1. What pairs can you find where one residue is in segment 93-108 and open to solvent by less than 30 Å² (accessible area, probe 1.4 Å), the other is charged (D, E, K, R) and not in a helix (DSSP H, G or I), and their Cβ atoms are less than 9 Å apart, with a gap of 6+ or different chains?
2. Being of a type in the set (A, V, I, L, M, F, W, C), out of contact with any helix residue (DSSP H, G or I) (no Cβ under 9 Å at 6 or more places or on another chain), buried (at least 18 other Cβ atoms within 10 Å of the Cβ) and closer than 23 Å to Lys77 by Cβ, is that true of even one residue in segment 147-162?
3. Looking at Ser177, Ser216, which one is of a type in the set (Gly, Ala, Ser) and surrounded by 12 or more Cβ atoms within 10 Å (Cβ to Cβ)?
4. Which condition number in (1) assigned to a loop (DSSP other than H, G, I, E, B); (2) farther than 19 Å from Ile140 by Cα is the one that Lys77 fails?
5. Return the residue satisfying two criteria in turn: it lies in segment 39-79 and is touching a residue at least 40 places away in the same chain (Cβ under 8 Å) and among the polar types (S, T, N, Q), and of such residues it is most open to solvent (accessible area, probe 1.4 Å).
6. Across segment 178-235, which residue is farthest from Leu144 (Cα to Cα) among those that are polar (S, T, N, Q) and part of a helix (DSSP H, G or I)?
7. Could we say that Tyr51 is modelled with pLDDT under 95 and farther than 20 Å from Tyr90 by Cα here?
8. Modelled with pLDDT under 90, part of a strand (DSSP E or B), touching a Phe, Trp or Tyr at 6+ places or on another chain (Cβ under 7 Å) and closer than 30 Å to Thr171 by Cα, is that true of Ile142?
Amino acid sequence: MYKIAIVEDEWECIESLECSIKKYSRHHKVDFEISSFKNGRLFLESNYGSYDIVFMDVDMPNLNGFETAKKMRELNKSAVLIFVTFLAKYAARGYEVDAMDYIVKPLEYEALSIRMDKAIQKCRFNEVDYISLPIKGGEIRIALNNLKYIEINAHQINYHIDNECYSFYGTLKKLESILPKGLFVRCNNCYLVNLRRVTRIGDEEIYLGDECLKMSRTRKKQFLQSFHEQMLGVR
């Protein structure tokens with residue numbers, strides 16, 4: 001099931017989009033969970049990091065579609081963004097927020113169906129390279145390449161993502177069942193490491209750029225084997 005958000009200040013357009021998406025769902029046997037928001041502020045107050053596809057009206061009062069999309073991209077970089085507008089020229093700025101496409105009002109089903117085909121294809125591609133992680137009040141979608149390592153301290157899980165760190169309660173064992181096997185491997189009981197981010201391996205430590213993590217003797221053999229398999233493309 002894919003989660004869709006409609007951010008639109010006109011109820012007629014919301015109803016038209018919802019009707020067309022449900023029609024697409026029936027024809028293509030794809031399930032959707034649809035949420036609608038009357039303005040950008042309400043959307044940004046939601047769990048907006050969890051949506052797979054976002055239909056965004058360009059011309060909205062107070063916070064327009066471009067401003068809302070920029071805020072959205074701070075947390076959700078992978079959502080397929082489709083602008084909805086009366087004038088196509090306004091949607092040309094979509095490259096600023098990595099929009100996939102736009103639809104011109106009034107909405108026609110054939111136009112939506114073409115965009116939905118592209119959106120679903122992109123969502124399926126993204127599923128390989130992104131993971132949704134639980135956070136307080138919802139979830140956040142993170143590119144696997146940006147997730148360097150995961151650390152457990154007492155019962156707190158720290159997700160180290162380039163220059164950021166998200167901290168929540170959980171267990172490494174549960175995360176190991178969610179993350180791709182063979183890509184995230186323990187170097188000791190405290191760290192689950194993204195092998196793609198390892199730059200050097202020492203006798204008792206591993207390096208992820210400037211960061212150094214300790215590697216235990218009991219984990220070393222399996223870690224090195226997994227690392228070599230990852231480098232050789234073995235699954």
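The values are calculated or read from the model by the stated rules, or taken from the named source; none is laboratory data. Quick caveat, the model's predicted, so the values are computed rather than measured. Here the Cβ is made from the backbone with ideal geometry for all residues, glycine too, and neighbour counts use every protein chain on show. Side chains are part of the model used for accessible areas, which takes the heavy atoms of the whole protein and leaves out ligands, DNA and RNA. Shrake-Rupley method; radii C 1.70, N 1.55, O 1.52, S 1.80 Å.
1. Taking only residues 6 or more apart or on different chains, the pairs are Gly94/Asp101; Lys105/Glu10; Lys105/Asp57.
2. For segment 147-162, residues of a type in the set (A, V, I, L, M, F, W, C), out of contact with any helix residue (DSSP H, G or I) (no Cβ under 9 Å at 6 or more places or on another chain), buried (at least 18 other Cβ atoms within 10 Å of the Cβ) and closer than 23 Å to Lys77 by Cβ: absent.
3. Ser216
4. (2)
5. Asn47
6. Looking at residues that are polar (S, T, N, Q) and part of a helix (DSSP H, G or I), I get Thr218.
7. Judged against the criteria, Tyr51 is a match.
8. Here the answer is yes, as Ile142 does meet what is asked.
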